[in-house]
1. Among residues belonging to region 188-197 that are within 17 Å of residue 241 (Cα to Cα) and surrounded by 13 or more Cβ atoms within 10 Å (Cβ to Cβ), point out the one that is nearest to the chain's Cα centre (by Cα).
2. Got a sec? Which of 125, 104, 81, 119 is touching a helix residue (DSSP H, G or I) at 6+ places or on another chain (Cβ under 9 Å), assigned to a helix (DSSP H, G or I), modelled with pLDDT under 95 and under 23 Å from residue 218 (Cα atoms)?
3. Taking residue 147 as meeting all but one of (1) out of contact with any helix residue (DSSP H, G or I) (no Cβ under 6 Å at 6 or more places or on another chain); (2) surrounded by 15 or more Cβ atoms within 10 Å (Cβ to Cβ); (3) modelled with pLDDT of 85 or more; (4) part of a helix (DSSP H, G or I), write down the number of the exception.
4. Residues to consider are 71, 75; find the one that is assigned to a helix (DSSP H, G or I) and touching a helix residue (DSSP H, G or I) at 6+ places or on another chain (Cβ under 6 Å).
5. Is there a residue in region 60-79 that is more than 17 Å from the chain's Cα centre (by Cα), over 21 Å from residue 123 (Cα atoms) and without any contact (Cβ under 8 Å) to a residue 12 or more places away in the chain?
6. I need the full set of residues from region 31-46 which are surrounded by fewer than 16 Cβ atoms within 10 Å (Cβ to Cβ) and either modelled with pLDDT of 95 or more or not assigned by TED's automatic domain parsing to the domain that holds residue 65 (or both), in order please.
7. Looking for something under 24 Å from residue 180 (Cβ atoms), touching a residue at least 60 places away in the same chain (Cβ under 8 Å) and not assigned by TED's automatic domain parsing to the domain that holds residue 222 - is there at least one such residue anywhere in region 47-57?
8. It is to be established whether one or more residues within region 177-190 are part of a loop (DSSP other than H, G, I, E, B), closer than 25 Å to residue 76 by Cα, outside the structural domain of residue 121 (by TED's automatic domain parsing) and at pLDDT 80 or above.
C-alpha cells in the first residue's frame with residue numbers, strides 16, 4: 001500500500017477549541033490526502049462520530065466543557081480500534097500520563113511542528129491499515145474453543161495476531177488498545193530477547209524515545225495488569241535493569 005493509497009482510505013477527526021488551529025489542521029491534512037472533519041468541543045465530536053467513525057482522532061486535552069481526556073475515555077470504550085493522539089500543554093506531564101493510562105496511542109505537546117504531527121498521524125495510519133488488513137472477517141473466524149488454542153500465549157492469555165485480539169483463560173476478549181496490541185505483538189515476535197526503549201519506540205510506536213518519556217513504562221504497567229498473575233511480581237514481561245524489558249514465555253518463566 002502506498003502512502004497516497006493509505007491516506008486516501010482514512011478519515012481524521014480533529015477536536016480543539018481554537019478555530020484557527022482547526023482551520024490549519026483541516027487545510028494541512030486535507031492537502032496531504034486525508035479526509036478531515038473538525039469539532040470545536042466534545043459534544044460536536046460525539047455527533048460526528050455518531051455519523052461516521054474516523055480511523056484517527058486528534059484531541060486537545062484542555063477544552064471548555066467536557067475535556068479531551070473524558071472524550072478519549074469514551075472513544076476508547078466505544079471504538080477501541082480508533083487511533084487517538086492527544087495534544088497537551090508542553091509543561092503538563094500529568095495530562096500526558098493520564099491520556100496514556102486511558103489508552104491514547106500517542107501524544108504531542110503544544111506548540112508543535114505540523115510536519116511532526118503529520119509524521120505521528122501517518123505512523124498511526126500505517127498501523128491502523130495493517131491491523132485492518134490483518135483482521136479476519138467475522139464469518140470466517142473459528143469458534144471460541146478453537147481460538148483458545150491459537151495465537152501466542154501470554155501466561156493464561158492468548159494474543160491473536162491476525163484478529164488483533166487478546167483473550168483470557170476462558171476465551172473471552174480482554175479490552176486492549178491499539179498501542180497495547182502493537183507492544184504485545186512486538187514482544188511476541190521477540191521472545192526472550194531484551195529490548196531497550198529505543199527499540200520499543202521505533203518498532204512499536206514509530207518514533208524516538210527521550211529520557212522524560214514514560215509512555216512505554218505506563219503501557220507495560222497496563223499490560224502487566226492484564227496478562228500477569230501478579231502484576232507486582234511479573235513473570236512474563238520482565239524489567240531488565242538499565243536496558244528495558246523482555247518477554248519470557250510461560251514455559252520459560254521461573
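The values are calculated or read from the model by the stated rules, or taken from the named source; none is laboratory data. In this text the structure is predicted, and so the values were computed from the model without any measurement. Here the Cβ is made from the backbone with ideal geometry for all residues, glycine too, and neighbour counts use every protein chain on show.
1. Filtering first and then ranking leaves 197.
2. 125 is the lone residue from the list that is touching a helix residue (DSSP H, G or I) at 6+ places or on another chain (Cβ under 9 Å), assigned to a helix (DSSP H, G or I), modelled with pLDDT under 95 and under 23 Å from residue 218 (Cα atoms).
3. (3)
4. Result: 71 is the single residue among 71, 75 that is assigned to a helix (DSSP H, G or I) and touching a helix residue (DSSP H, G or I) at 6+ places or on another chain (Cβ under 6 Å).
5. No; the residues of region 60-79 include none that is more than 17 Å from the chain's Cα centre (by Cα), over 21 Å from residue 123 (Cα atoms) and without any contact (Cβ under 8 Å) to a residue 12 or more places away in the chain.
6. 43, 44
7. yes
8. No, every residue in region 177-190 fails to be part of a loop (DSSP other than H, G, I, E, B), closer than 25 Å to residue 76 by Cα, outside the structural domain of residue 121 (by TED's automatic domain parsing) and at pLDDT 80 or above.
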